[in-house]
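Scroll down for the structure; my scribbles are underneath it.
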Amino acid sequence: MIPEILAGLSAVLDWQVLAFLVAGVCMGAVFGSLPGLTATMGVAILTPLTFWVSAEQGLAMLLGIYCGAIPAGGIPAILINVPGTPASIATSWDGYALTRKGQAGLALGINALASAAGQLTSIVFLAFLAFPIASFALQFGPAEYFGLALLGISLMAGVSGKHVLKGMLAGMLGLALALVGLDPMTAYPRYTFGMSEFLDGISFVPVMIGLFGLGEVLVQISERHTASGVQAATIGRILPKAAEYKSMIGSTFGGATVGTMVGAIPAAGGDIGSVIAWEQARRAAPDKAEFGKGSLRGLAASCSGCNAAIGGAMTTMLTLGIPGDAVSAVLIGALLIHGIQPGPLLFANNQSFVFSIVFLLIFASVLIMAIGILCAKPLAKILKVPAPWLWGGIVLFGTVGAYALNHAVVDLWAMYAAGVAGFLFRKARIPLGPLVLGLILGPMMESNLRRALILSRGDWTSMLTRPILLVFLTATLLALLWPLIRRAFGSSASNHRPSLDA
Amino acid sequence: MNSTDWISGGLFLAIGIGLIASGSAFPAGVGGLPGAGFFPQAIGAVMAMLACALVVTRRKKDASDSIQMGNARQVAGAAGLLFVYLLLWGQGLFILRTAVFLILTLRFLGQRWWPATACSAALTAFAYLAFDTALNVSLD
């Protein structure tokens, strides 16, 4: 094993490989920080550039983009409440609240540190626990995926603050929007109104940009207070104090563990991982009321959760050849182009290459942490820009980003409608997070429930004999009943539920 | 009962009923297996129940929970300008129509001519260079 580890390390320590890694991290940071551009898009667009270089060099660049884009997605989420990637939705909940308190620097610093901690933790998992995790994920059938989606949906209650019913209704609306397009099982068109543009359904990236970007701009215009506002005139310090580090350790590594496990499950990426990590940290925290209002623990958990999904996804991809998320699906294609077949045989025949990947991920994590901390102050200066300029920039880049995804005008109108809806929902104190969660999880929930029923020949009760599904269903029930249980036991915290209205 | 709960509850109830009604028009499924209409109806039913629960459980008058629209005229103006900009998407040069849209929007939001023009030019140029030139996203 030691010779393979050393061989993997020496392959990575080549200056050209490191140069490709740095370039990849920088490009990933650009892709992640521009709303509408995702890590998947970055890896897909830049994969052809790697055709003319060695596998290590090409993979260094692509992994750099992957590792750079996810933490960078937290930057606009923190500064202007517009998640740069879907994985950063939960980051905006506490990150933007900190910015409004004048602690943008600290939020960016925690984003960099917790992201690196999450990535590094998940890489340790990759190095030591790759086979057990992948084997566990392999036991997932349609019924278990349905249970996972159901658990994700049930977390709506947790992320809706004191407006639990409104949050669940928003989640249902998200599920309803996910119905648009072809029925996943029979390809029967639903709610397409005869328009071919709707056959593929509604993309959640334009909806996300509209809800969180345009909607936020309209709210700020209506209240005529600025994104930089009085409260955010100071950027503040970047690095947390010793006591703050100590308070965040549990949530950071708890979030990293959750994110890794979720990332290891095929098709469940950082977007789900960060929400679950945030919610688990909230349940475990002594200061639940602070969550959604600028909690350092909440921010650390969401940042580490979404980044830890990288290691989890890579574990499943490398050991089983199954993509853990959309980016790793594109990465599999890139590896195949370079003549590398991910799967169990890769561990048997080319262990040094696996360790090269592990070291590349470690270097990328350290690099993105350094870039995140060094660039936090210059990035936070965006808050000193006059508010109308910032609004113009958000609207323009949101619009172009929504269009760039599919080159489809219908996405622009989806963004516009979501923006107006986001404005009205905020005014009506309807939480927006559950809506996006419903839109993301809807197709996964429906298709897997129906597949499971086909496999069980329409017998609902036989699904309940599956232990993993039972665990998910129990957790779902607990998540939904938790507010009632807490009220029944007279918890003082019940009167201080976190709110994510804004 | 406060206004946000009335409006939200009514709106979601209407959507829920609409989903149930429209879902019944889709294939119901065969042999005990749900068809394309199952999920819309299930979501519609849950949504209608939750909407009723929202309306029923919020009986106390709470002035702080009423809808505050704020500066509605400026919101309508900004949203209207963006609507026109999207209507004109694909017409003429991206740089020209975007710069005009941004100048008008910034002027509408109270910026002076010179800063509005400079900011619009810079944002438009950056967006064009980043997306059209660097990423090959055709914006014209």
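Here is a check on your reading of the model: is B:ALA45 under 22 Å from A:GLY213 (Cβ atoms) and more than 9 Å from chain A (Cβ to nearest Cβ)? No; evaluated as a whole, the condition is false for this residue. Scan segment A:367-415 for residues that are among the basic types (Lys, Arg) and out of contact with any Leu (no Cβ under 9 Å at 6 or more places or on another chain) and report the count. Selection size over segment A:367-415: 2. Out of the residues in segment A:173-184 meeting the condition of being in a loop (DSSP other than H, G, I, E, B) and without any contact (Cβ under 8 Å) to a residue 40 or more places away in the chain, tell me which one is farthest from A:ALA417 (Cα to Cα). Only one residue tops the list, namely A:ASP183.
The residue list A:ILE209, A:ILE221 contains one member that is of a type outside the set (S, T, N, Q), in a helix (DSSP H, G or I), within 25 Å of B:PHE108 (Cβ to Cβ) and modelled with pLDDT under 85, which is A:ILE209.
Every residue in segment A:333-368 that is among the aromatic types (Phe, Trp, Tyr) and closer than 28 Å to A:ILE110 by Cα, please. Listed by number, the residues that qualify are A:PHE359, A:PHE363.
Before we move on, is A:VAL400 part of a helix (DSSP H, G or I), within 7 Å of another protein chain (Cβ to nearest Cβ) and either surrounded by fewer than 22 Cβ atoms within 10 Å (Cβ to Cβ) or not charged (D, E, K, R) (or both)?
yes
Here A:SER302, A:SER274 are screened, and the one residue that is over 30 Å from A:PHE353 (Cβ atoms), among the polar types (S, T, N, Q), in contact (Cβ under 8 Å) with a residue 12 or more places away in the chain and crowded, with 24+ Cβ neighbours inside 10 Å is A:SER302. For first residues located in segment A:448-462 and at the interface with chain B (Cβ under 9 Å from one of its Cβ atoms), partners that are loosely packed, with under 14 Cβ neighbours inside 10 Å and of a type outside the set (Lys, Arg) and lie 6+ apart or on another chain with Cβ distances below 7 Å form the pairs A:GLY458/B:GLY31; A:GLY458/B:GLY32.
Only one of these conditions is not met by A:ARG466: (1) touching a residue at least 40 places away in the same chain (Cβ under 8 Å); (2) touching a Leu at 6+ places or on another chain (Cβ under 8 Å); (3) surrounded by fewer than 21 Cβ atoms within 10 Å (Cβ to Cβ); (4) farther than 27 Å from B:THR98 by Cβ. Which number is it? Here A:ARG466 meets the rest and fails (2). You will find that of A:VAL409, A:VAL395, A:VAL366, the residue that is touching a helix residue (DSSP H, G or I) at 6+ places or on another chain (Cβ under 7 Å), within 13 Å of another protein chain (Cβ to nearest Cβ) and of a type in the set (A, V, I, L, M) is A:VAL395 and no other.
Here is a check on your reading of the model: is B:ALA76 modelled with pLDDT of 90 or more and surrounded by 19 or more Cβ atoms within 10 Å (Cβ to Cβ)? So B:ALA76 fails the test. Is it true that some residue in segment B:120-133 is free of Cβ contacts under 8 Å to residues at least 60 places away in the same chain, within 30 Å of A:GLY442 (Cα to Cα) and surrounded by 14 or more Cβ atoms within 10 Å (Cβ to Cβ)? Checked segment B:120-133: no residue is free of Cβ contacts under 8 Å to residues at least 60 places away in the same chain, within 30 Å of A:GLY442 (Cα to Cα) and surrounded by 14 or more Cβ atoms within 10 Å (Cβ to Cβ). None of A:ALA334, A:ALA313, A:ALA329, A:ALA281 is part of a helix (DSSP H, G or I) and closer than 30 Å to A:ARG100 by Cα except A:ALA281.
Residues checked against (1) under 13 Å from A:GLY28 (Cα atoms); (2) in contact with a His (Cβ under 9 Å, 6 or more places away or on another chain); (3) surrounded by fewer than 24 Cβ atoms within 10 Å (Cβ to Cβ); (4) of a type in the set (A, V, I, L, M):
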| residue | (1), (2), (3), (4) |
| --- | --- |
| A:ALA44 | yes, no, yes, yes |
| A:THR47 | yes, no, yes, no |
| A:SER54 | no, yes, yes, no |
| A:GLN57 | no, no, yes, no |
| A:ALA60 | yes, no, no, yes |
| A:ILE70 | yes, no, no, yes |
| A:ILE75 | yes, no, no, yes |
| A:ASN81 | no, no, no, no |
| A:SER92 | no, no, no, no |
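Filter segment B:17-32 down to the residues that are more than 7 Å from chain A (Cβ to nearest Cβ) and in a loop (DSSP other than H, G, I, E, B) and list them by number. B:SER24, B:ALA25, B:ALA28, B:GLY29, B:VAL30, listed by residue number. Taking the listed residues A:ILE5, A:ILE65, the one that is surrounded by fewer than 24 Cβ atoms within 10 Å (Cβ to Cβ), in contact with a helix residue (DSSP H, G or I) (Cβ under 9 Å, 6 or more places away or on another chain), part of a helix (DSSP H, G or I) and β-branched (Val, Ile, Thr) is A:ILE5, with no other qualifying.
Can you say whether A:GLY333 is within 19 Å of A:ILE65 (Cα to Cα) and surrounded by fewer than 24 Cβ atoms within 10 Å (Cβ to Cβ), as far as the supplied structure shows? Taking the combined requirement at face value, the residue satisfies it. Close Cβ contacts (under 6 Å, 6 or more residues apart or on different chains) running from residues in segment A:413-432 that are on the phi < 0 side of the Ramachandran plot and buried (at least 24 other Cβ atoms within 10 Å of the Cβ) to residues that are among the hydroxyl-bearing types (Ser, Thr, Tyr) and not in a helix (DSSP H, G or I) comprise A:PRO431/A:SER160.
Restricting segment A:190-222 to residues that are in contact (Cβ under 8 Å) with a residue 40 or more places away in the chain and of a type in the set (Ser, Thr, Tyr) leaves a set whose member that is farthest from the other protein chains (Cβ to nearest Cβ) is A:SER203. The numbered conditions (1) touching a residue at least 40 places away in the same chain (Cβ under 8 Å); (2) within 12 Å of chain B (Cβ to nearest Cβ) are all true for A:ALA187 except (1).
Would you check if there is a residue in segment A:346-353 being more than 26 Å from A:ALA11 (Cα to Cα) and at pLDDT 85 or above? Checking segment A:346-353: not a single residue is more than 26 Å from A:ALA11 (Cα to Cα) and at pLDDT 85 or above.
When segment A:416-431 is limited to residues that are of a type outside the set (D, E, K, R) and more than 9 Å from chain B (Cβ to nearest Cβ), the one that is nearest to A:GLN220 (Cα to Cα) turns out to be A:GLY422.
Here are some residues: A:SER122, A:SER88, A:SER115. Which one is modelled with pLDDT under 85, under 30 Å from A:ILE468 (Cα atoms) and polar (S, T, N, Q)? Full working, then the answer.
Working: A:SER122 fails: modelled with pLDDT under 85; A:SER115 fails: modelled with pLDDT under 85.
Going through A:SER122, A:SER88, A:SER115 in turn, the sole match is A:SER88.
Filtering segment B:96-103 for residues that are within 7 Å of another protein chain (Cβ to nearest Cβ) and either more than 30 Å from A:GLY438 (Cβ to Cβ) or without any contact (Cβ under 8 Å) to a residue 60 or more places away in the chain (or both) leaves a non-empty set.
Hey, among the residues in segment B:104-119 that are touching a residue at least 12 places away in the same chain (Cβ under 8 Å) and more than 7 Å from every other protein chain (Cβ to nearest Cβ), which one's farthest from B:ASP132 (Cα to Cα)?
My answer is B:PHE108.
Kindly establish whether A:PRO388 is part of a helix (DSSP H, G or I) and more than 9 Å from chain B (Cβ to nearest Cβ).
Criteria not met by A:PRO388.
The values are calculated or read from the model by the stated rules, or taken from the named source; none is laboratory data. Treat the numbers as computed from the prediction; the structure is a model and nothing was measured. Every residue, glycine as well, gets a Cβ built from its backbone with ideal geometry; the counts of neighbours run over all protein chains shown.
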